[in-house]
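The values are calculated or read from the model by the stated rules, or taken from the named source; none is laboratory data. Nothing here was measured: the structure is a model prediction, and the numbers come from that model. A quick note on method: Cβ atoms are made from the backbone with ideal geometry, for glycine too, and the neighbour counts reach across all protein chains shown. What goes into the accessible areas is simple: the full protein's heavy atoms, side chains included, and nothing from ligands, DNA or RNA. Shrake-Rupley method; radii C 1.70, N 1.55, O 1.52, S 1.80 Å.
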Amino acid sequence: MKRVITYGTFDLLHYGHINLLQRAKQYGDYLIVALSTDEFNWNEKQKKCYFTYEERRRLLEAIRYVDLVIPEENWKQKVTDVQEYHIDTFVMGDDWKGKFDFLKEYCDVVYLPRTPEISTTRIKKDLNKK
């Protein structure tokens, strides 16, 4: 069984997220999503989510491409996660290109193109205009 992992906040879930998850799942049989916790988002990224970690986790678990959701609590856990979950492929959006190449020592690293016309940041900006 080939195992794939991706990381993210997945706030204001939209079709760009679904595209990423669908394409990530194509790299293996089992997709793990490491979901940024509320504390990690605030303390490390200065991001306040609309939905709580539990709400975002429930949304992700309802998506057919996702097999397991685990918490992302810090930047450094990626190597540990890859080893603990026996990951074959690490997948991220191409806005992170090159940032996780250090994982190539442990697994394949793939950067997928983002869905260009949609993002959580864009949704928030558009809603603030109204």
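Could you list, in sequence order, all residues of the stretch 11-27 that are assigned to a loop (DSSP other than H, G, I, E, B), under 17 Å from residue 111 (Cα atoms) and either free of Cβ contacts under 8 Å to residues at least 60 places away in the same chain or open to solvent by less than 20 Å² (accessible area, probe 1.4 Å) (or both)?
Of the residues in the stretch 11-27, the ones assigned to a loop (DSSP other than H, G, I, E, B) are 11-14, 26-27.
The next check asks that each one be under 17 Å from residue 111 (Cα atoms); those that pass are 26-27.
26, the sole residue that qualifies.
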Study note, to complete from the structure: Residue pairs qualifying under the 9 Å Cβ cut-off, at least six apart or on distinct chains, with the first in the stretch 83-108 being in contact (Cβ under 8 Å) with a residue 60 or more places away in the chain and the second being loosely packed, with under 11 Cβ neighbours inside 10 Å and among the charged types (D, E, K, R), are 90/104
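Do we find a residue being in a strand (DSSP E or B) and of a type in the set (D, E, K, R) anywhere in the stretch 68-75? Full working, then the answer.
First, pick out the residues of the stretch 68-75 that are in a strand (DSSP E or B): 68-72.
Among the residues that remain, those that are also of a type in the set (D, E, K, R) are: 72.
Yes: one or more hits.
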Practice item. For residues that are among the basic types (Lys, Arg) and either open to solvent by less than 80 Å² (accessible area, probe 1.4 Å) or closer than 24 Å to residue 1 by Cα (or both), tally how many sit in the stretch 37-89. Key: 5
Point to revise | Options 2, 76, 47: the member that is more than 22 Å from residue 116 (Cβ to Cβ) and at pLDDT below 95 | key: 76
